[in-house]
1. Could you say which residue among 30, 15, 6 is surrounded by 11 or more Cβ atoms within 10 Å (Cβ to Cβ), modelled with pLDDT under 55 and not assigned by TED's automatic domain parsing to the domain that holds residue 292?
2. Evaluate the stretch 86-97: report whether one residue or more is at pLDDT 90 or above and either in contact with a Lys or Arg (Cβ under 9 Å, 6 or more places away or on another chain) or part of a loop (DSSP other than H, G, I, E, B) (or both).
3. Kindly check whether there is at least one residue in the stretch 100-122 that is of a type outside the set (Lys, Arg), at pLDDT 70 or above and more than 29 Å from residue 230 (Cα to Cα).
4. With touching a Ser or Thr at 6+ places or on another chain (Cβ under 7 Å) and either in the same structural domain as residue 287 (by TED's automatic domain parsing) or modelled with pLDDT under 95 (or both) as the only criterion, which of 185, 237 stands out?
5. In this structure, is residue 46 surrounded by fewer than 13 Cβ atoms within 10 Å (Cβ to Cβ), β-branched (Val, Ile, Thr) and at pLDDT 55 or above?
6. Do you know which residues across the stretch 247-301 are in contact with a helix residue (DSSP H, G or I) (Cβ under 9 Å, 6 or more places away or on another chain), crowded, with 21+ Cβ neighbours inside 10 Å and at pLDDT below 70?
7. Tell me, please, whether a residue that is at pLDDT below 90 and either touching a helix residue (DSSP H, G or I) at 6+ places or on another chain (Cβ under 6 Å) or of a type in the set (Phe, Trp, Tyr) (or both) can be found in the stretch 51-64.
Amino acid sequence: MQKYFLQTALLGLLLIGGVASAYAQDFILLRDGNLIECKVEEISQTEIRYRPIDNLDGPVFVISADRVFSIRFENGTVHVIEAVSTNEQKDIQRKFGIGLGGNFSASFGIFNVTGEENSYYGGNLDDSFTQRIIGGGFYIFFDTTYVEANLGFLFGTRVAESFVPEIDSYGDIDGISKMEIAVDISYLTLGLFGKYPVTIGSFTLFPMMGIQWDIGMSLADVTQRSVIADLTNRFWIKLGAGADMSLTDRIYFRPSFFYGINFGSQADRDGKVYYDMGFQNVGGTSFHHGLDIRAALGFRF
């Protein structure tokens, strides 16, 4: 019934168009059948701004777009307003979000080291070493339509192959052996990601790509900040995807995952740790990759 009424009203609006055009004015047809004679100033997804025809120099009035059926402009053009639900209106208006979440991270790497002869090693250094870091933590994020920035803390264990000097009964170095060493490690993480949201039903899906800087905060018993930075700081390039699932009008659940690559710490690239073993002209190359799985609760405002 209401649809029939609105169609009839729209037809009537078109029929009076010729008369209305002589007065150079617009008409806003509301969904309740009322008609507003005015000059339309602005149309957005959520509202219509206009000046009443009897006070064109006066203040601008605002009406919600969900109350409007159509607008007939002074040139005869008719613009029908698509109905938007209240929840969709609120989603359009709330373009920012903030949230708190947790994450699980696992990375794996290999670095190749070369160096000149060392008597304990038995020749020139040309070897490969593996490393893995597994941990978890928490993070906060600030969110806009196309950008997410986050700050977090990651705590885990680093297991890395390394050379360890063999000490004889007199306290002297008798040789060098290769073994895995596990140490506790923690990071401050800073991330910046671009995203492109696509709404499918009640879900919003988005691919993500960006960068993350891991800043080492602690490493086993090491206390010197410059040494911790050399051994742990890492710059990631990450690619992933996420989804927003609304729980209430403002609160939403966001799972996401990332795959990333980095080229190791400064110490990995320089092979600094091996100078202490007596090697000279040490250099290295390193490549690491890993997964990051996250889950967070966000709040729109």
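1. Working: 30 fails: modelled with pLDDT under 55; 15 fails: surrounded by 11 or more Cβ atoms within 10 Å (Cβ to Cβ).
Result: 6 is the single residue among 30, 15, 6 that is surrounded by 11 or more Cβ atoms within 10 Å (Cβ to Cβ), modelled with pLDDT under 55 and not assigned by TED's automatic domain parsing to the domain that holds residue 292.
2. Step one: filter the stretch 86-97 for residues at pLDDT 90 or above, giving 97.
Filter again for either in contact with a Lys or Arg (Cβ under 9 Å, 6 or more places away or on another chain) or part of a loop (DSSP other than H, G, I, E, B) (or both), leaving 97.
So far as the stretch 86-97 goes, yes, one or more of its residues are at pLDDT 90 or above and either in contact with a Lys or Arg (Cβ under 9 Å, 6 or more places away or on another chain) or part of a loop (DSSP other than H, G, I, E, B) (or both).
3. Within the stretch 100-122, one or more residues are of a type outside the set (Lys, Arg), at pLDDT 70 or above and more than 29 Å from residue 230 (Cα to Cα).
4. Details: 237 fails: touching a Ser or Thr at 6+ places or on another chain (Cβ under 7 Å).
Matching residue, one of 185, 237: 185.
5. Details: surrounded by fewer than 13 Cβ atoms within 10 Å (Cβ to Cβ): no; β-branched (Val, Ile, Thr): yes; at pLDDT 55 or above: yes.
For residue 46, the condition - surrounded by fewer than 13 Cβ atoms within 10 Å (Cβ to Cβ), β-branched (Val, Ile, Thr) and at pLDDT 55 or above - is not met.
6. Scanning the stretch 247-301 gives a single hit, 268.
7. No, the conditions are met nowhere in the stretch 51-64.
Every residue, every condition in (1) assigned by TED's automatic domain parsing to the domain that holds residue 149; (2) among the charged types (D, E, K, R); (3) not in a strand (DSSP E or B), yes or no:
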position	(1), (2), (3)
212	yes, no, no
217	yes, no, no
228	yes, no, yes
242	yes, no, no
248	yes, no, yes
254	yes, yes, no
258	yes, no, no
261	yes, no, no
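The values are calculated or read from the model by the stated rules, or taken from the named source; none is laboratory data. Since we're looking at a predicted model, the values are computed, not measured. Note that we place each Cβ from the backbone using ideal geometry, even for glycine, and neighbour counts take in every protein chain shown.
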